[in-house]
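Okay, so here's the structure we're looking at.
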Amino acid sequence: MGLVDGRVIMEAGDVEVALERLSAEIIASSRDPRRLALVGIHTGGVFLANRIANRISGRLGIVVPLGSIDITLYRDDWTRMHTQPVLKGTNLPFRIDDLEVVLIDDVLFTGRTVRAALDALIDYGRPMRVQVAVLVDRDHRELPICSQFVGIALETSPEEQVNVLLAEKDGVDRVVIEGPKNSASPLVSPRGL
């Protein structure tokens, strides 16, 4: 895999533990689980949303509505991209009006992806409440965005890259930080593992 400068932060077992905890926290915070819906942000968030939906549905004995959202055209930097944006498509096979929607993504960094997802989501209706769940929260916000559900919180430098590898697309579950060779080890918050 060529992770010479990479530091493995989470392995498959750690990811599973984090997803179990995220699922339990989402259920516990729900005002009415029958109004709960999950929406994954393309691409990594979609895979995580599927896994969390399966866990929540199994625990509650109900089918939790599950959708995906493409934020490509809602990004504030898409006109600066050097390549033509590739649309992945939004799939919301349910009305979001009056639902408790949990947006799910793999990494929360600057907040711009979540802001774009909120803009896209509101085009489809008016949810009762929107919350954010992420596997990795690495701080460095540029916008006033936060996550209510966090698998692991890391202190990283802005120059580092946090890569979330998922079995659905990478063949393995793993979180790796790549960056400057002399960067210090990241600090893991108590909200993490």
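Where a number appears in this text, it was derived from the coordinates with a stated rule and is not lab data. For clarity, every value in this text was computed on a predicted model and none was experimentally measured. For neighbour counting, all protein chains shown are included, and Cβ atoms are generated from backbone atoms with ideal geometry for every residue, glycine included.
Label residue 72 and residue 20 with points 7 Å out from Cα along Cα→Cβ: what is the distance between them in nm?
3.8 nm
If amide hydrogens are placed 1.01 Å from N in the peptide plane, which non-local residues have theirs closer than 5 Å to the one on residue 108?
Correct list: 136, 137, 138.
Once phi is turned into ³J(HN,Hα) by the Karplus curve 6.51 cos²θ - 1.76 cosθ + 1.60 with θ = phi - 60°, what whole-Hz value does each residue of the range 106-119 show in order, with x for glycine and proline?
For the range 106-119, the Karplus-derived couplings read 7, 9, 10, 10, 7, x, 5, 5, 5, 4, 5, 5, 5, 4 Hz, x marking Gly and Pro.
Given a Förster radius of 22 Å and the C-beta distance between residue 97 and residue 63 as r, what FRET efficiency does 1/(1 + (r/R0)^6) yield to the nearest 0.05?
0.75
Could you list the residues of the range 132-154 with an amide nitrogen less than 18 Å from a label point located 7 Å from the Cα of residue 7 in the Cα-to-C-beta direction?
Backbone N within reach: 136-140, 152-154.
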